Structure formats: structure tokens, C-alpha cells
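To start, the structure under review is shown below, and the notes come after it.
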Amino acid sequence: MSEEIRCIGCGSVLQSQDSQQAGYLPQSALAKVENGEREEVYCQRCFRLRHYNEIMPVELDNDDFLALLNSLAAKKALIVNVVDLFDFSNSLISSLKRFVGSNDFILVGNKFDLFPLNSKESKIKDWMRQEANRMGLYPKEIFLISAAKKKNLDELIKYLNLHSQDQDVYFVGTTNVGKSTLINAIIDEMGDVQNLITTSRFPGTTLDRIEIPLDNGHFLVDTPGIMTKKQLASKLDPKELDIVAPKKPLKPATYQLLPGNTIFLAGLGRIDYLQGPSTSFTVYASRSMYVHRTKTEKADEFYEKHVGELLTPPGAKDELPALKGQEYNIKYRSDVLFAGVGFITVPAGCLIKAYTPGGIGLGTRRALI
Ligand code: GDP
């Protein structure tokens with residue numbers, strides 16, 4: 001049997017049988033690699049992604065991933081859960097608790113570059129730790145980084161170097177948290193092979209696992225992103241994701257509100273101000289997101305009329321589940337979270353109702369800024 005050949009983009013084993021499965025490459029191209037005419041090759045999917053920025057769907061085998069996670073508990077390994085600071089509750093892998101075993105576990109909060117410049121790192125880390133503890137996870141360390149902007153990477157790399165002396169390092173994360181971008185950045189900083197792993201704005205692009213050898217004989221292991229249905233990113237198309245995903249630090253936009261007012265975050269979020277004094281709410285979201293203020297009594301009608309058009313994303317009316325709301329009695333200055341989209345800071349003493357499609361990713365935390 002011939003040796004397995006892997007795509008240098010996503011790490012999938014190359015095959016030419018099924019174009020719908022990971023690692024597909026037409027037979028003619030695969031033959032060139034097999035007979036040594038070419039050494040390095042991308043699967044068709046990674047090739048298209050790199051050259052045309054085009055995503056091809058592929059069926060992910062979750063069983064393989066679970067098996068990989070299962071094997072971690074029995075190994076000595078450092079487990080790194082990369083999370084998206086803007087979709088924290090959905091990107092923290094709660095089932096990790098079962099897989100970590102007695103291994104060390106750290107949290108890496110990515111996309112820190114999007115937080116406003118005056119954000120306090122210690123406050124953000126405290127919040128992450130509390131949330132992790134609530135889910136039964138006890139990270140040894142928490143890092144706030146930007147993989148894309150290479151911010152705070154040195155600190156993380158130092159830690160990884162130190163802790164990979166006697167074990168492999170496994171990176172786990174849900175899709176779209178920036179895990180591939182991070183690993184690329186680490187490789188880059190280490191002065192090793194560049195662009196080894198595909199990165200893209202589209203969820204679900206890292207397939208199979210990929211091992212990066214370290215000088216000390218151990219490996220950095222990238223595992224496939226787990227796609228969770230809870231992530232908004234899994235429901236939006238690339239164009240919509242482009243609108244939602246901030247590219248620059250979030251700029252606060254303040255709205256003076258009275259009870260009876262409603263704010264829409266395009267068609268992806270809504271907040272009704274139910275009770276409290278005249279006050280201001282501060283919206284933190286991508287600059288390309290359309291924010292609309294209206295009267296709560298007219299809000300349902302407004303949404304029905306404009307969702308998919310003025311209120312876009314979503315691109316069409318029935319693309320996402322209907323907005324589902326939850327009331328919050330805000331006792332201290334808090335951020336109301338719209339996972340994957342942004343947050344709205346609300347002062348103490350307000351009763352509000354917040355909505356997202358299907359109630360996905362709603363939550364509150366003590367105001368961070
Ligand atoms: P993966 O699915 O976890 O491997 O995620 P990718 O590395 O493919 O990144 C997902 C999206 O997040 C892409 O659009 C990246 O450009 C973006 N991204 C990754 N890292 C950062 C970061 O540090 N800051 C910002 N703002 N975006 C990032």
C-alpha cells in the first residue's frame with residue numbers, strides 16, 4: 001500500500017475517490033505526487049480557497065474528532081483551547097472537561113485586537129476564568145492574543161516552549177475562532193515553514209489533524225475545528241460573515257434611550273429597553289453592522305418588514321431562526337452579549353429584553369470597559 005500523502009493546507013489525507021470528502025484531488029494531480037513529480041500539494045478545496053477565496057463544503061467526521069479527544073485523556077499533553085473573545089460562550093468547549101483528564105489546560109482568547117484600546121486585560125481574564133469555572137474547566141493560564149495582528153504572541157510562545165519539553169501540545173477549538181491563523185503565526189514566529197495551514201473567514205476549514213514538529217522532539221498538534229450549531233458563524237454565508245466580523249477595534253456608539261425604545265443590530269440582535277431612567281446604552285459591534293433605533297411598540301412590525309433587506313444580515317427573511325428574547329434585570333453595569341456580533345453596555349437599574357436568532361449566544365457579564 002502506498003504511503004499516505006497529506007494536503008499541506010489542511011492536513012487531510014489526499015484521495016481522488018470522493019470529491020465531497022476531505023482531501024479530494026483529481027486523479028491526474030494525485031498521480032503526479034504519487035510518482036514524485038511534485039512534492040507538496042494542496043487538496044482541491046484548499047487550492048480553491050487559497051486562489052479564489054472560495055469555500056467548498058465537505059463532510060466532517062465528528063466521530064474521528066471525538067476519538068482524538070478521547071485519546072487525549074490517556075496521554076500526557078498540554079491542551080490549548082483557543083476561543084473567540086467575541087463568541088466566548090460558544091467557543092469554550094465544555095465537553096473538554098471529560099477529555100482533559102489530569103492534563104494541563106490553558107485558554108487562549110483570540111481576536112483581542114478587536115477590543116477597544118482602553119480595555120483592561122485583567123478584567124477580561126477574570127471574566128474568562130469565571131465562565132470557564134462555571135463550566136467545570138480550570139485553566140492553568142489564560143492568554144489574550146491576536147493571532148492576526150500577532151499581539152501578545154511572545155508570551156504564549158514562551159509558555160508553549162517551556163511546557164512542550166516533555167509533552168505534545170494539542171490545539172482545540174470550535175471553527176472560526178482563529179486557531180489556524182494562530183498556528184500559522186506561531187510557526188511564522190518560530191521561523192519555520194510558513195502558510196502550512198489554511199486560514200479563512202469561513203467556518204470548518206481545518207480538516208483532520210496536522211502535526212508540527214518542534215526542535216525538542218515534541219509536536220504542536222492542530223485538531224479540526226468543531227462546528228457547533230450554536231455559532232452564528234455556522235449559519236451565515238461568507239458575504240454576511242464579512243459584515244458581521246469586525247476587522248478593526250470596536251468603536252463604541254452611544255444611544256440615549258428611554259424605556260419604550262428598541263435597538264436592532266441589523267437582523268441579528270435586538271434590545272428592548274423596558275424599565276428604567278433616561279440613560280445611554282453603548283453598542284460595540286463591527287462598523288459595517290447596521291444599527292437601528294425605533295420604538296418598541298413598532299419594533300415587531302419593523303422587523304417583519306425589513307429583515308433580510310434594511311436589517312441585513314441575514315440576507316433573507318427565513319435564513320435564520322426567528323428572534324427569541326430573554327429579559328434581564330441589570331443590577332450592575334453590564335455588557336449584554338450577542339455572541340459573534342458584539343455587545344451592548346447597559347447601566348445598572350435597567351430592565352431590558354435582548355434577542356438573537358433562536359436565542360443563540362445571549363448572555364450578560366459585568367461591563368468590561
Ligand atoms: P479556525 O476555523 O479556528 O481555524 O479559524 P481561522 O484561522 O480560519 O480564522 C477565522 C476567521 O477569524 C478569519 O476570518 C480570520 O481572519 C479571523 N481571525 C483570526 N485571528 C484573528 C485575530 O486575531 N483578529 C481578528 N480580528 N480576526 C482574526
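Some observations on this one:
- Gained length - D166 relative to D126, 0.36 nm times residue gap less alpha-carbon distance: 11.5 nm
- Peptides 285-296, 145-156, 101-112 ordered by average Cβ neighbours within 10 Å, highest first: 101-112, 145-156, 285-296
- Distance histogram in 10 Å bins (all Cα pairs of the chain, percent per bin): 5, 23, 30, 23, 13, 5, 1, 0
- Cβ crowding within 10 Å, taken as a proxy for footprinting-reagent exposure, orders E297, E34 from fewest neighbours to most as E297, E34.
- For V83, residues with placed amide H under 5 Å, excluding near neighbours: V108, G109, N110
- Between V33 and S16, residue separation times 0.36 nm minus the direct Cα-Cα distance comes to 4.9 nm.
- Which of G315, L144, A367, positive extreme of dipole for the chain (C-beta unit charges): A367
- For the range 349-357, Karplus couplings with θ = phi - 60° (6.51, -1.76, 1.60), whole Hz, Gly/Pro x: x, 10, 9, 9, 10, 10, 9, 9, x
- Assuming charge only on the beta carbon of Lys and Arg (+1) and of Asp and Glu (-1), the dipole of the chain about its Cα centre is about 1760 debye to the nearest 20.
- Couplings 3J(HN,Hα) of the range 276-290, computed from phi: x, x, 5, 7, 10, 10, 10, 8, 10, 8, 4, 5, 8, 7, 7 Hz, in residue order, whole Hz [Karplus 6.51 cos²θ - 1.76 cosθ + 1.60, θ = phi - 60°; x for Gly and Pro].
- Across the chain, Cα pairs under 8 Å and at least six residues apart give a relative contact order of 14 percent.
- Cysteines, the chain, no other Cys beta-carbon under 4.7 Å: C10, C46, C350
- Relative exposure of V33, V341, judged by other C-beta atoms within 10 Å (fewest first): V33, V341
- When you restrict to C-alpha pairs under 8 Å that are six or more residues apart and normalise by the size of the range 253-366, the relative contact order lands at 30 percent.
Only the coordinates and a few stated rules stand behind these numbers; no lab work does. Quantities reported herein were computed from a predicted structural model and do not represent experimental measurements. Glycine also receives a Cβ, built like all others from the backbone with ideal geometry; neighbour counts cover every protein chain displayed.
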